Structures are given as structure tokens and as C-alpha cells.
Amino acid sequence: MSTLRQARGWLSAKRRFQFVLTLVMVSALTAACGALLMLPNSVLPKLRAVVPGQDVSQATDPQVPLVQRTMDSYGKVVAESVATGGGRTGIVLGHSGQRADLDVLASELAASTAAVTALWGSDWNRAPVVVVASSPAEFAALTRAVGTVPAEVAASTVADPVRPGAQLTGQRVVFGPEAGRRLGADGLRSVLRHELTHMASRAVTVDGSPMWMLEGFAEYSAHRGMRHPVTQIAPALTARVRAGDLPADLPADELFEPTSGKASLSYEQGWSACAFIADRFGDHTLVELYRQLATGPKDRAAVEAVLHSVLGLTYPDLVADWRTWLTTRTAEGA
Ligand SMILES: [Zn+2]
């Protein structure tokens, strides 16, 4: 089914990208986050759609004009609005050089939004803004990264600083220029779901929470229900486990840094811990665990206390059962 949907997307790509966004410069605006929110709707730039029935102005996220303005200095901006259910409209923005990636992402946006909602629930905006950068410099500009972004980073999710009690604003998924070439269409879809999961859970996620939970949950969501074999989701981990090299512990936060040399393995371990928990306790319990562990537990004892209260397992028992699950799953090759 997904292949069919994808083929359809490719066939209609030319027609669907036949409109170009125009940006009305609003000189009063600054790059300060939240500035756009204070403007009345009538001041916001109108996005002009050439193809009837595909009016990108349906995308109501107020960050879109600001994102466009940033992107304009890197080339002509093309965009597609996507109905994501419940009367909501997401948008995919990029440049014509990334047209193939844009089409894959646009054709997957509704299904990915629905998949994330099925796992996480409906308490997120569900009208995602997705952007594909045409160069490392544009990627950095769109993610507000300082310095060089490591080439290993395929995509990133950003938001305006979280203000207590206020709604999240400025949330967007940004793909790097090499993402499509390196990942392929199937990989792009997984990364989209991974990043949308971060987007959905951001409002309840405190910085400093255990990375294996944050990244493992996003990875679990990315591959959930896709029937991807474990050898595809976690090749490095599978090879190690098959060689008898089982993890002694859940991966520490610093190992998730792109510069650690162990980031891929750590992501795979995080995915496997979440897949094990979902297998044994169900998706609902995994989501509950995320919600409790994402509150920034102050130390290891606090993490272990949450694991025990949600799963009823001591930490050593959890690790032992996870290792058993890993041995079984990687032996099956499923
Ligand atoms: Zn992530």
C-alpha cells in the first residue's frame, strides 16, 4: 500500500509543486521567537497557490512566513500543504533541488501524523511544519544551530523556547540536504515519524531526561507497525548480540552525542529497550513510562524508582529481561 501511495506521489509531483510561495516582507518583524504570534492574521503574508484546491495558505502555523524568509536567501521556495486529518493542514517546504525528498515527505505526512497520534494520543498540534534544507548552512539557519552541524545528523526538530504554561510555538522538523540521498524513501519516512514523535512529546519533555527513553521512544514510534526486521532497525546491536556481546546497562546520555562514536549503537539500544517494554507491557505502558521519565528525574535512583513504579521491575531485573529479549529477537532475525 505504501509503495502504491509513493508511486502516486511521484507521478503527481510535477503538478503538485507548480506553485511557488511568495513572501511579503513584513519589516516590523524580527527573528525573535514569538514575534509573529503578536501580529493580527491580516498582516501575515498570504501564500499564493497556483493550483486550485491546493492552497498552501491553509497552513495556519504562524511561523511559516518567518521560515520562508529564512529560506528565501537560499533559493526559490516551493511548498505543499497536506491535510493531516481533523481539518488540520501541515506543510512541507523546500527548494526545487530537493523536489524528490519533498514529494516523499508530503506523501507521507498525513500517514505519519496519524501513526504518531495512534501511539502518543491527540494532545499535539497534528499540523506539522516540515522543511528540507538545501545546504548545511541553511540547515543550521533553520535549526538555529551554532557552528557546524555534524554530517551524521539527518534531521532535527526545533521549537521556540518552552515558556511555562504557554503553548509550544515554532515547532518544525528540518531535514538536512543529504537526508534523502543517504536514507532513501523508506528511511525518510522513518526519520519523519521519529521527528514527529519528538514534536508530539515535546510539551511534556524536560531537557536532561534519559536519552535512551527520549530517542528510544522516537525510534520505536518510527518503526512501529512497519514490519521492519531487527537486522534493519538495529544492525550494529544485532551483530553484537549474536556474537555474545550483550549490553550491561542502558546507554548513558553522553553516548548519544554524534561525536561519541557510539551514537548509532546507542540509538539502536534505546529502540530495543522501548520495543522490549512495548512487547511485554503494551504501548500504553510505554507511553506512560515516557511521560514519567521525561520529567527530568534528577539522578539514577529517581530513574530506577520510576521504572519500578511503572513496570514493577527492579533495574537489574529490567536489564536482565531486556537482554533475554534481545537474545531471542536477534536469534529470530525478525
Ligand atoms: Zn531523535
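Looking only at segment 266-286, residues that are more than 15 Å from the ligand (Cβ to nearest atom) and not acidic (Asp, Glu) come to 11 in all. Going through (1) within 16 Å of the ligand (Cβ to nearest atom); (2) over 13 Å from the mean Cα position of the chain (by Cα) one by one, Asn125 falls short only on (1). Quick one: in segment 114-125, of everything that is modelled with pLDDT of 95 or more and in contact with a strand residue (DSSP E or B) (Cβ under 9 Å, 6 or more places away or on another chain), which residue is surrounded by the most Cβ atoms within 10 Å (Cβ to Cβ)? Among those residues, the one meeting the criterion is Thr117. From the list Asp186, Asp245, the one residue that fits, being free of Cβ contacts under 8 Å to residues at least 12 places away in the same chain and not in a loop (DSSP other than H, G, I, E, B), is Asp186. Restricting Val174, Val153, Val130 to residues that are under 13 Å from the mean Cα position of the chain (by Cα), touching a residue at least 24 places away in the same chain (Cβ under 8 Å) and assigned to a loop (DSSP other than H, G, I, E, B) narrows the list to Val153. Here Trp212 passes the criteria (1) at pLDDT 90 or above; (2) more than 15 Å from the ligand (Cβ to nearest atom) except the one numbered (2). For segment 66-99, residues that are surrounded by fewer than 17 Cβ atoms within 10 Å (Cβ to Cβ) and either in a strand (DSSP E or B) or of a type in the set (Gly, Ala, Ser) (or both) total 8. Of all the criteria given as (1) surrounded by fewer than 21 Cβ atoms within 10 Å (Cβ to Cβ); (2) within 16 Å of the ligand (Cβ to nearest atom); (3) of a type in the set (A, V, I, L, M, F, W, C), the one not satisfied by Ala111 is (2). Let me spell it out: the conditions are (1) within 14 Å of the chain's Cα centre (by Cα); (2) closer than 15 Å to Glu195 by Cβ, and Val104 meets all of them except one. Which number is the exception? Condition not satisfied by Val104: (1).
To keep it simple, each residue is scored yes or no on (1) within 21 Å of Glu219 (Cβ to Cβ); (2) at pLDDT 95 or above; (3) crowded, with 17+ Cβ neighbours inside 10 Å.
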site: Ser272; (1), (2), (3): yes, yes, yes
site: Phe276; (1), (2), (3): yes, yes, yes
site: Leu293; (1), (2), (3): yes, yes, yes
site: Lys298; (1), (2), (3): no, no, no
site: Ala301; (1), (2), (3): no, yes, no
site: Ser309; (1), (2), (3): no, yes, no
site: Pro316; (1), (2), (3): no, yes, no
site: Asp321; (1), (2), (3): yes, yes, no
site: Thr324; (1), (2), (3): yes, yes, no
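Scanning segment 176-202 for residues that are among the hydrophobic types (A, V, I, L, M, F, W, C), touching a strand residue (DSSP E or B) at 6+ places or on another chain (Cβ under 8 Å) and within 13 Å of the ligand (Cβ to nearest atom) yields Val191, Leu192, Leu196, Met199. Note on segment 267-284: residues that are touching a helix residue (DSSP H, G or I) at 6+ places or on another chain (Cβ under 8 Å) and either closer than 14 Å to Trp212 by Cα or in a loop (DSSP other than H, G, I, E, B) (or both) amount to 11. Selection of segment 201-222 for residues being over 12 Å from the mean Cα position of the chain (by Cα), surrounded by fewer than 19 Cβ atoms within 10 Å (Cβ to Cβ) and part of a helix (DSSP H, G or I) yields Ala203, Val204. Of the residues Val306, Val287, the single one that is in a helix (DSSP H, G or I) and touching a helix residue (DSSP H, G or I) at 6+ places or on another chain (Cβ under 6 Å) is Val306. Of all residues in segment 223-233, none are part of a helix (DSSP H, G or I), more than 20 Å from Leu183 (Cβ to Cβ) and more than 13 Å from the ligand (Cβ to nearest atom).
The values are calculated or read from the model by the stated rules, or taken from the named source; none is laboratory data. Everything quoted here is computed from the prediction, not taken from an experiment. Positions of Cβ are generated from backbone atoms using ideal geometry, with glycine treated the same way; all protein chains shown enter the neighbour counts.
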